[in-house]
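The block underneath contains the structure these notes are about, expressed in structure tokens.
The values are calculated or read from the model by the stated rules, or taken from the named source; none is laboratory data. Bear in mind that the values here come from a model prediction, so they are computed numbers and not experimental data. All Cβ positions, even for glycine, are placed from backbone atoms using ideal geometry, and neighbour counts span all protein chains on display. Surface accessibility is based on the protein's heavy atoms, side chains included, excluding ligands, DNA and RNA. Shrake-Rupley method; radii C 1.70, N 1.55, O 1.52, S 1.80 Å.
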Amino acid sequence: MNNMKKKLVLFASVAIALASCQTTPKEDYSWIKKGLDVASAQLHLTAEEIDGTGQLPRSIRTGYDMDFLCRQLERDPSTFQDSLRPQPTPEQMGKRRLCVVYDWTSGFFPGSLWYAYELTGNDTLKADAIQYTNLLNPVRYYKGTHDLGFMINCSYGNAERLAPNDTIKAVMKETADNLCGRFNDSIGAIRSWDFGSWNFPVIIDNMMNLDLLFTVSKWTGDNKYKDIAIKHAVTTMNNHFRPDYTCWHVVSYNNDGTVERKQTHQGKNDDSSWSRGQAWAVYGYTSCYRETNDTTFLNFAVNIADMIMERVKTDDAIPYWDYDAPVTEETPRDASAAAVTAAGFIELSTMVPDGKKYLDYAEKILKSLSSDAYLAKAGENQGFILLHSVGSLPNGSEIDTPLNYADYYYLEALKRFMDLKGINYQNI
């Protein structure tokens, strides 16, 4: 009997000892480190190579083939050939495309530098971020675009978080004032473009510029900025969306606020669902809920998110350039749409009880973007981080090429994911 008790005690002791040695396997986040290492190398390489130009990197120049465009658009060339951008010259093909500070994408490169510095602690990237943010100072006087949020919030907005000084808030307030100057109270929206035959065009992208207004409203205590942002979001919600929560790209208004027409400028056709437009939408309404606590915006963001998860059928969760594009081996993916979606989904996941499904979906996107299929090799890809984005296929512009805003939202999504999971770059 005593021997039996001894055996039982010994067995129990061994079992306890074995159990104490077993710990939950550490999650493998090597894909995050890989992405950040590539990003840091690429961004600094680019910062050095374009130093002194006074410009910023936008994309790599690519051309287009008319037969390919016709197959993707499923349209006669007469319906879009007048809007095609000029083909790059042979000398330009495959080279880095730079842009001036007044280009709508100018804020993304300095913003990417800020995120890479924040996530890695690399002070060289901080110096680069300061240098290229300062280039955008003249934008504070610019009134010719609705994209002031992209340009200034992504650059100066991140600078204010990470290296505040007296100049930054002044620049952001002046820029917000200029954005408010494009608001029409009768229509209830901020005008997007000053070109084309539209009376008062508003594009879904404009939802992304509202964060600048929300930010400046909080700093100044002036509700003017926030009120304009909310009115724009409500007008867009009422007119830009179909019953299935997909959205049109462009809605133009008559002066009395009625709708003049609804169409696309960058999607397959007027009634298609342009991929990046859907991403702008879910991101934008998630932000609106963050800033207002109005559940109308939250419920709307959830419906858009659910639609995206239903409509995107690719194995890697990186959408084709348009949800309604014909799916063939040649159909381009849009990594920029995926990156924006991931950033929006991660924030949305923190706001709803069933948020895990959005976080899991965003993680799938980020793992895909961090794979060899989409992540550049250091020293290649003209210094850009991601491959395979699409700017505007119907215009023959930036098709299957890197884009600076794909890089920016990829890094933003990584930051949001790391913050949520408590991941530190130094510990990966």
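A few comments on the model shown:
- Filter result (more than 22 Å from Asp166 (Cβ to Cβ), buried (at least 21 other Cβ atoms within 10 Å of the Cβ) and more than 22 Å from the chain's Cα centre (by Cα)) within the stretch 201-229: Ile228
- Unique match (being open to solvent by 70 Å² or more (accessible area, probe 1.4 Å), out of contact with any His (no Cβ under 7 Å at 6 or more places or on another chain) and not small (Gly, Ala, Ser)) among Pro110, Pro90: Pro90
- Residues of the stretch 69-84 that are modelled with pLDDT of 95 or more and either within 26 Å of Ile385 (Cα to Cα) or not in a loop (DSSP other than H, G, I, E, B) (or both): Leu69, Cys70, Arg71, Gln72, Leu73.
- Of all residue pairs spaced 6 or more apart or on separate chains, those with beta-carbon atoms under 6 Å, a first member in the stretch 40-69 that is more than 15 Å from Glu380 (Cα to Cα) and a second member that is of a type in the set (Phe, Trp, Tyr) and part of a helix (DSSP H, G or I) are Leu56/Phe109.
- Given (1) open to solvent by less than 20 Å² (accessible area, probe 1.4 Å); (2) in contact with a Ser or Thr (Cβ under 8 Å, 6 or more places away or on another chain); (3) closer than 16 Å to Thr133 by Cβ, index of the condition Tyr102 fails: (1)
- From Ala305, Ala317, residue being without any contact (Cβ under 8 Å) to a residue 60 or more places away in the chain, within 17 Å of Leu359 (Cα to Cα) and in a loop (DSSP other than H, G, I, E, B): Ala317
- Boolean, Leu125 is in contact (Cβ under 8 Å) with a residue 12 or more places away in the chain, farther than 19 Å from Trp219 by Cβ and assigned to a helix (DSSP H, G or I): yes
- Ser186, sole failed condition from (1) open to solvent by less than 30 Å² (accessible area, probe 1.4 Å); (2) in contact (Cβ under 8 Å) with a residue 60 or more places away in the chain: (1)
- Lone qualifier among Ala317, Ala342, Ala337, Ala301 - being touching a Lys or Arg at 6+ places or on another chain (Cβ under 6 Å) and more than 30 Å from Pro77 (Cβ to Cβ): Ala317
- Inside the stretch 324-336, residues that are surrounded by fewer than 22 Cβ atoms within 10 Å (Cβ to Cβ) and under 16 Å from Gln266 (Cβ atoms) make up a count of 3.
- Candidate set from the stretch 160-179 (those that are farther than 15 Å from Trp219 by Cα and in a helix (DSSP H, G or I)); member that is most open to solvent (accessible area, probe 1.4 Å): Leu162
- Only one entry of Tyr156, Tyr245, Tyr225 meets the criterion of being assigned to a loop (DSSP other than H, G, I, E, B), of a type in the set (Ser, Thr, Tyr) and in contact with a helix residue (DSSP H, G or I) (Cβ under 8 Å, 6 or more places away or on another chain), and that entry is Tyr245.
- Count of residues meeting criterion [assigned to a loop (DSSP other than H, G, I, E, B) and either under 19 Å from Arg85 (Cβ atoms) or open to solvent by less than 30 Å² (accessible area, probe 1.4 Å) (or both)] in the stretch 39-64: 6
- All positions within the stretch 136-148 that are out of contact with any helix residue (DSSP H, G or I) (no Cβ under 6 Å at 6 or more places or on another chain) and surrounded by fewer than 19 Cβ atoms within 10 Å (Cβ to Cβ): Asn137, Pro138, Tyr141, Tyr142, Gly144
- Residue selected from the stretch 385-401 under the condition open to solvent by 10 Å² or more (accessible area, probe 1.4 Å) and outside any strand (DSSP E or B), by the criterion farthest from Lys33 (Cα to Cα): His388
- Flag if Ala342 is touching a His at 6+ places or on another chain (Cβ under 9 Å), touching a residue at least 24 places away in the same chain (Cβ under 8 Å) and surrounded by 20 or more Cβ atoms within 10 Å (Cβ to Cβ): no
- For the stretch 365-373, the count of residues that are buried (at least 20 other Cβ atoms within 10 Å of the Cβ) and either assigned to a loop (DSSP other than H, G, I, E, B) or touching a strand residue (DSSP E or B) at 6+ places or on another chain (Cβ under 9 Å) (or both) is nonzero.
- Some residue of the stretch 180-199 being at pLDDT 95 or above and assigned to a helix (DSSP H, G or I): yes
So that you can scan it fast, the table gives a plain yes or no per residue for (1) within 19 Å of Arg191 (Cβ to Cβ); (2) touching a strand residue (DSSP E or B) at 6+ places or on another chain (Cβ under 9 Å); (3) crowded, with 24+ Cβ neighbours inside 10 Å:
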{"site": "Val251", "(1), (2), (3)": "yes, yes, yes"}
{"site": "Asn254", "(1), (2), (3)": "yes, yes, no"}
{"site": "Gly257", "(1), (2), (3)": "yes, yes, no"}
{"site": "Glu260", "(1), (2), (3)": "yes, yes, no"}
{"site": "His265", "(1), (2), (3)": "yes, yes, no"}
{"site": "Ser272", "(1), (2), (3)": "no, yes, no"}
{"site": "Ala279", "(1), (2), (3)": "no, no, yes"}
{"site": "Gly284", "(1), (2), (3)": "yes, no, yes"}
{"site": "Arg290", "(1), (2), (3)": "no, no, no"}
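- Residue match in the stretch 230-241 (condition: open to solvent by less than 60 Å² (accessible area, probe 1.4 Å), in a helix (DSSP H, G or I), farther than 20 Å from Trp274 by Cβ and not β-branched (Val, Ile, Thr)): no
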